[in-house]
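Novice: This is the structure, below, for whatever I ask next.
What follows is calculated from the coordinates using simple rules that are stated; it is not laboratory data. A quick note: this is a predicted structure, and the numbers were derived from the prediction, not measured. Backbone-built Cβ (ideal geometry, glycine too); neighbour counts: all protein chains shown.
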Amino acid sequence: MAKRSIVPFGPQHPVLPEPVHLDLVLEDETVVGAIPSIGYVHRGLEKLVEKRDFKQYPYVAERICGICSCGHGLGYCMAVEEIMNIQVPERADYLRTIWVEMSRIHSHLLWLGLLADAMGFESLFMESWRLREKILDMFDETTGGRIIHSVNQVGGVQRDMDSAMLNDILRAIKDIESQLKPVINTFLQDYTVQSRLKGAGVLSREDAIALGAVGPMLRASGEPYDVRMLGYGAYKDLSVEPIISTDCDSYARCEVRLKELLQSFDLIREAIGKIPEGSINVSVKGNPAGEYFVRIEQPRGEAIYYVKANGTKYLDRFRLRTPTTSNIPPMVEMLKGCQLADVPILILTIDPCVSCTER
Amino acid sequence: MNKVSKSPWLLHYDASSCNGCDIEVLDCLTPKYDIERFGIINTGDPFQADILLITGGVNSQTESVVKQLYSQMPEPKVVVAVGICACTGGIFKECYNIKGGIDTVIPVDVYVPGCAARPESIIDGVVKALKVLDEKQAAMKKDGR
C-alpha cells in the first residue's frame, strides 16, 4: 500500500469562485477519501427573520445566493402565501415562472463556463459567459437589476412586463439559442472535453438515491425527478418533462444541463404565449400564523423552504435546505477513487453553491 | 491618470458574499466588459497579485484567511472592497456571524458600493486602485525601499 498523504484543497482556490475546503486523502495520485469542511460563508441570515418583518424578508431571502436569488425569493414568498391563504394572481405566477426560468438559463450558462474554465478551455468559458450577458441584459431591462432582482413580494410580484419586454425576451432567447448550438456541439462532441468528462465521477442510480442527490445530479444518474412536475406556479399549465441521462458520469451531468437550457427556452416561450392579463399582486392584510414547507426546483435541484409564523409580523423561524447541501454526500462518494487532477472538475459537476449551503 | 503604468494582477476572495458580487467580478473578465484590455488578469496566487478584490463582509472563519492572503501579497498592494457587504456589512450587518466590512480586518484603499456591485463600478474601482498602486510605488521609491 502506498503512503497516505493529505492535501488541503481551498478555501481560496483558482477553480472555485467561492470558499470551500476539502481535505483530500491521497494514495499516490489517487483520492481515497475527502473530508469537506464548510462555514466560510456562514452569515446567519435565517436568524434575521426575527429582526425583519415578513414583508421585508424577501429582500433578505433573495440575498441568500446571488445566482439563484429569484428562486429563493419565490420559495419564501410561496411559503408565507400558503400560510396566509393568499391566492396569487395568474399573471404574477407566469411572471415569476418566466424570471425563474431565465435564472436557470443564466445559472446553467455560468456553470458551463466555469466547467470549461476548470478544464482550461478558456475560449469556451468566454463564449458561455458572453451568451449569458444577453440574459443579464434582459433581467436588467425587466427588473432593473442584473443579479439581484427583488421582484418577488408576498402576494405577487413588484413589476409587470409589457408586451415590448416580452418580445425582447423572446428575441434574446432566440438569439442565444442559435448561438448556443456550436457551444453545445463543443461540449458534447469535442475530444478534449470528452476526455476530461467521460467516465469521470460515476455515481450509480442506487447511490444517487441513497445519498440524497437532487437536481441535474440525480437526473444524470437516470432518475426522472424534477420538482417542477408538482405544478407549482405556472408550471401547472406548462409541459415540464424531467430530462435524464443514464450515463451517470460527469459528461451526463453536462449533457443534462445543456438539454435543460433548451427546455427552459421552450418553457419561457410557452409561458409568454399563455400569459394572461390582469393584476400582478394582491394586497396582504394581517399577519401569518402557522407553518408550511415549500419545495421548488432551483437550477441546482430541489430546495426546501420552511416558514413558521406566530401571528405577529416577525416570523419564528425560516429554514432552507439547499440543493448543494444534499449534493455534498454524493460528491464525497464520487471523489473516492478519482485522480487528484480530476478533483476540481468533479467538485464543479455538482454545481456547488456555497453561499446557499452556508447562508 | 493618463496612462496605466503597470499591468496589475488581481486576486479575488469571497469573504462571505452571496455570490452576486463574485460573479460580477468574474463578469468583468469576460467578453462584454473585458478588463484584460487594461492588461489586468485574474490570478489565483497571492504571491503574484497586486490588487486584492474582496467581496462580502468578514466572519470569524474568513478573518484569518483574509489576513493571510493580505500578508502573502508583495508590496505595494491595494485592497478593493467590492459591494456594500465588503464596505460596511450591508444587509447582513445585523447577522450574528458578520463582523462588519473588510476594513475591520485589513486596510482598504478603494470602496465599490452596490448590491450587487455592477461590473462598470467594479472596473471603475480597479482603475482607481491602479492610481493608488502608483502612489504607493512612488512612496516606496522615495523611502528607498
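Novice: Sort B:C21, A:C338, A:C254 by Cβ crowding within 10 Å, fewest neighbours at the top.
Specialist: Ascending Cβ contact count within 10 Å gives the list A:C338, A:C254, B:C21.
Novice: In what order do A:Y191, A:Y292, A:Y57 fall by count of nearby beta-carbon atoms within 10 Å, going from fewest to most?
Specialist: Listing A:Y191, A:Y292, A:Y57 from fewest to most nearby Cβ atoms yields A:Y191, A:Y292, A:Y57.
Novice: Just tell me how shielded A:37-50 is by partners: mean number of partner chain Cβ atoms within 10 Å of each residue's Cβ, no decimals.
Specialist: 6
Novice: To the nearest 0.05, what FRET efficiency results for A:L188 and A:N85 with a Förster distance of 41 Å applied to their C-beta separation?
Specialist: Once rounded, the FRET efficiency stands at 0.30.
Novice: Now for a different question. Between A:T30 and A:Y306, what length in nm is gained on full extension when 0.36 nm per residue of separation is reduced by their alpha carbon distance?
Specialist: 95.3 nm
Novice: I've got another one for you. If packing is taken as the mean number of other Cβ atoms within 10 Å per residue, what is the order of B:73-85, A:311-323, A:77-89, highest first?
Specialist: B:73-85, A:77-89, A:311-323
Novice: Order of A:L136, A:L112 from fewest to most other C-beta atoms within 10 Å?
Specialist: A:L136, A:L112
Novice: Test of understanding: in a Gaussian network model of chain A with alpha carbons linked when under 10 Å, which of A:D226, A:D28, A:D249 would top the mean-square fluctuation ranking?
Specialist: Among A:D226, A:D28, A:D249, the largest mean-square fluctuation in the Gaussian network model of chain A belongs to A:D28.
Novice: Further, regarding this structure: Sum -39500 (n - 2.57) across every DSSP H segment of at least 4 residues in chain A, then divide by the residue count to get the 222 nm mean residue ellipticity, nearest 500.
Specialist: Computed mean residue ellipticity for chain A: -15000 deg cm²/dmol.
Novice: Right, next: Report the extension gain between A:A2 and A:L170 in nm, rounded to one decimal, defined as 0.36 nm multiplied by the number of residues separating them, less their alpha carbon distance.
Specialist: 54.7 nm
Novice: Assuming 0.36 nm per residue, please report the length gained on full extension of the stretch A:S195 to A:A341 beyond their Cα-Cα distance.
Specialist: This chain segment gains 51.3 nm when fully extended.
Novice: Right, here's the next one. Sum up the charges of everything whose Cβ sits under 11 Å from the Cβ of A:A34, counting Lys and Arg as +1 and Asp and Glu as -1, but leave A:A34 out.
Specialist: Summing Lys and Arg as +1 and Asp and Glu as -1 gives -1.
Novice: Something else now. From the phi of every residue in region A:76-92, what ³J(HN,Hα) in whole Hz does the Karplus formula 6.51 cos²θ - 1.76 cosθ + 1.60 yield, where θ is phi - 60° and glycine or proline is x?
Specialist: Going residue by residue, I get 5, 4, 4, 5, 5, 4, 5, 5, 8, 6, 8, 8, 6, x, 3, 5, 5 Hz, with x marking Gly and Pro.
Novice: Quick one: which residues, 5+ away or cross-chain, put their amide H under 5 Å from the amide H of A:V32? H built at 1.01 Å from N.
Specialist: For A:V32, whose amide H was placed from the backbone, the distant partners under 5 Å are A:V25, A:L26, A:E27, A:G337.
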